[in-house]
Amino acid sequence: MKLEVQGLCFGYSGRRVLNNISFSVASGDCAAILGTNGVGKSTLLKCLNRILRCQEGRICIGGADIRGLDGNELARRIGYVAQTSRFADTTVFDAVLLGRKPYIKWDATRRDLELAQGVLERLSLSEYAMRSVNELSGGEMQKVAIARALAQQPDVLLFDEPTSNLDLKNQLEVIRIIREIVRESDMAAIVTMHDLNLALRFAGKFIMLRNGEIYAAGGPEILTAESIRDVYGVDVAIEAYGGSKVVIPR
Amino acid sequence: MSQGYKAASSGLGGIEAYHRHIRFKGLLLCALAVLTFLLALICVNAGTAKINPMQVLKTILGGGGEKDYIVIWRIRMPRVVSALVAGAGLSVAGCVMQNTLKNPLASPSTLGISSAATFGANIAIIAFGAGTILSTAGDPVSINNPYLVTVCAFICSMGAVLIILFLARLRGFSPESIVLAGVALSSIFGAGTTLLQYFAPDILIAAAIFWTFGDLARASWNEVLIMSVTVAGCLIFFFFQRWNYNALSNGEETAKGLGVNAQRVRFWGLLLSSLITAVTVSFLGMIGFIGLLGPQIMRRIIGDDHRFLIPASALAGSIILLAADTLARVVISPAVLPVGAVTSVFGGPMFLYMLIRGRRGRA
């Protein structure tokens, strides 16, 4: 399954935010979208999931244009985890079961319940299943949001800054979980991130945005001192550590 | 479609716990249904005409004398069924509005529909002469053309609904713009009512104010039937939307990510909630707090799962209105208090108590 974006443009009230964005991700890819605040990273993710409708260009998943898919069909193919997840006052199990909504006709079937339970087990959330989701810590809530997106059984998972509100331990755990799931299940994941070192640890593919356009896209080799200076306006040194790159601000 | 993970093959304790949790909510609904039924029987039994409970039961089942038949079937039963239907409708309308407007304080009066209905009733009573004062001791103020009042109240309230939905559509149906449009309309209709009353004679002002007191006795079987069909149709629609409301409770982006067309769900939710409010207020007058109290009490007990919250809110609304009406009839019998005043007198402090005790979760 492949997600292809061709010539995507989007703007708010006549102000162009994204201009001529084109890239693709395939099953098993972990892609990180990088750029400064306000450059359009979150907007791009929302366009990919049709939360916002792009004004020009095409987004295709598995060859099908997402404009032609109904809401449930799209939700079965693309899962989305918002930057700050808000939860209704339900149990963790109910919150994850809601991820089965695109499949549910009248009420949750035995299979829906088993899939929800499977996700809870996979993310080590089983012990919290019957607790109110609003009693959990920020890290646990983020895992519940990921679990809900996983319950959708999508082909592509979109994460809008999944580690922004987490401490270091939870950041690393969430990143590890996303990577493992992508590897195990042959999905693709697209993540917006600010922390370049975390992005290097997580992703194999990078899309750097500048002024609403793609500045560079490719593997870790595109993250150079020059590209980071151009995109972020910050001087950095790139060092090798344990076989991978580390970005050190000067 | 990728698998993502495997369905649980072992350790199904979570599913069993979930089933227990669901059973508990189901039992709670059954308990509420039984309580509603018992309260309805008490309500039928309460009144100035003393009829013993066995006789009441016998009359309901088709026996009993002619006098009992008239008291039970022509006076008390329409009132009880009105309470059941209006309570359920207003409470679920509040529940849906709180969900779609993302506002725990949203209720059927939030969008200015009640103000619009009051304005319509004032036009009928003051401008079209549908109200008067009778000299009889028992009921000094009377509406002599209730149908005209109802029709005017309904037209104005539906007009308010359409204006709000039109204005909201211009701004993409954001909950904030809908609430603000409701506040503005409420203010406009309130001002219109004040101006009408300012130039009206005392007799007609009295009749207009009398109309605003919610009163379940106004409904005959014809009105009860119209209310029942409207409320039942809307409740069925809302129940079909329960998964969409659950998704919306988790935020608009999450809902859209789960395939929900948030604008469409919001449009129909508001339109039908407003329709329930317009029909109820037009037939019965203002009955406050049911739309706020019913869903808020149930949300604290049953949580935000609309599979259970919608039927629980309906039953809670019926219970509150039945209890309020019974109280209104017995507290200073043979005089009857306006049920709208009773719901507000007891609803306000109860709501404050709930706020002080703390909220279990978000609306």
> Since B:Thr100 meets every condition but one in (1) away from chain A (no Cβ under 14 Å); (2) out of contact with any strand residue (DSSP E or B) (no Cβ under 8 Å at 6 or more places or on another chain); (3) at pLDDT 85 or above; (4) surrounded by 19 or more Cβ atoms within 10 Å (Cβ to Cβ), which condition does it not meet?
Replying inline: (1)
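Considering A:Arg176, A:Arg110, which residue is at the interface with chain B (Cβ under 9 Å from one of its Cβ atoms) and of a type in the set (Lys, Arg)?
Numbers: A:Arg176 fails: at the interface with chain B (Cβ under 9 Å from one of its Cβ atoms).
Exactly one residue qualifies, and that residue is A:Arg110.
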> Given A:Glu140, A:Glu135, which one is among the acidic types (Asp, Glu), closer than 18 Å to B:Asp305 by Cβ and more than 9 Å from chain B (Cβ to nearest Cβ)?
Replying inline: A:Glu135
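Return the only residue of B:Ala341, B:Ala316, B:Ala324, B:Ala335 being within 21 Å of A:Asp94 (Cβ to Cβ) and either at pLDDT 85 or above or open to solvent by 30 Å² or more (accessible area, probe 1.4 Å) (or both). First the steps, then the outcome.
Working: B:Ala341 fails: within 21 Å of A:Asp94 (Cβ to Cβ); B:Ala324 fails: within 21 Å of A:Asp94 (Cβ to Cβ); B:Ala335 fails: within 21 Å of A:Asp94 (Cβ to Cβ).
Criteria check complete, one pass: B:Ala316.
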> Given the conditions (1) more than 24 Å from A:Ser124 (Cα to Cα); (2) over 15 Å from the mean Cα position of the chain (by Cα); (3) open to solvent by less than 20 Å² (accessible area, probe 1.4 Å), and given that A:Ser185 satisfies all but one, which numbered condition is not satisfied?
Replying inline: (1)
> Taking into account only those residues within region A:1-47 that are more than 20 Å from A:Val231 (Cα to Cα) and among the hydroxyl-bearing types (Ser, Thr, Tyr), which is modelled with the lowest pLDDT?
Replying inline: A:Ser13
> Picking from A:Gly79, A:Gly118, which residue would you name as being open to solvent by less than 10 Å² (accessible area, probe 1.4 Å), at pLDDT 85 or above and assigned to a strand (DSSP E or B)?
Replying inline: A:Gly79
> Which one is farthest from A:Arg16 (Cα to Cα), of the residues in region A:216-250 that are hydroxyl-bearing (Ser, Thr, Tyr), surrounded by 14 or more Cβ atoms within 10 Å (Cβ to Cβ) and free of Cβ contacts under 8 Å to residues at least 24 places away in the same chain?
Replying inline: A:Thr224
>> Could you list, ordered by first residue, the pairs with Cβ atoms under 7 Å in which the first is in region A:91-115 and part of a loop (DSSP other than H, G, I, E, B) and the second is of a type in the set (A, V, I, L, M) and surrounded by 21 or more Cβ atoms within 10 Å (Cβ to Cβ), at least 6 apart or interchain?
In response: A:Lys101/B:Ala247; A:Lys101/B:Leu258; A:Pro102/A:Ala75; A:Pro102/B:Leu258; A:Ala108/A:Leu97
> Which members of region B:259-301 meet the condition of being within 12 Å of chain A (Cβ to nearest Cβ), open to solvent by 20 Å² or more (accessible area, probe 1.4 Å) and assigned to a helix (DSSP H, G or I)?
Replying inline: B:Gln263, B:Arg264, B:Arg300, B:Ile301
> What is the number of the single condition among (1) modelled with pLDDT of 80 or more; (2) within 26 Å of B:Arg76 (Cβ to Cβ) that B:Leu196 does not meet?
Replying inline: (2)
>> Suppose we filter A:Thr84, A:Thr43 for residues that are within 14 Å of another protein chain (Cβ to nearest Cβ), among the polar types (S, T, N, Q) and in contact (Cβ under 8 Å) with a residue 60 or more places away in the chain; which single one remains?
In response: A:Thr84
> Which of the residues spanning region B:219-242 are open to solvent by 20 Å² or more (accessible area, probe 1.4 Å) and within 11 Å of another protein chain (Cβ to nearest Cβ)?
Replying inline: B:Phe239, B:Phe240
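The values are calculated or read from the model by the stated rules, or taken from the named source; none is laboratory data. Since the model is a prediction, treat every value here as computed from it, not as a measurement. When we count neighbours, we look across all protein chains shown, and the Cβ atoms used for this are built from the backbone with ideal geometry, even at glycine. What goes into the accessible areas is simple: the full protein's heavy atoms, side chains included, and nothing from ligands, DNA or RNA. Shrake-Rupley method; radii C 1.70, N 1.55, O 1.52, S 1.80 Å.
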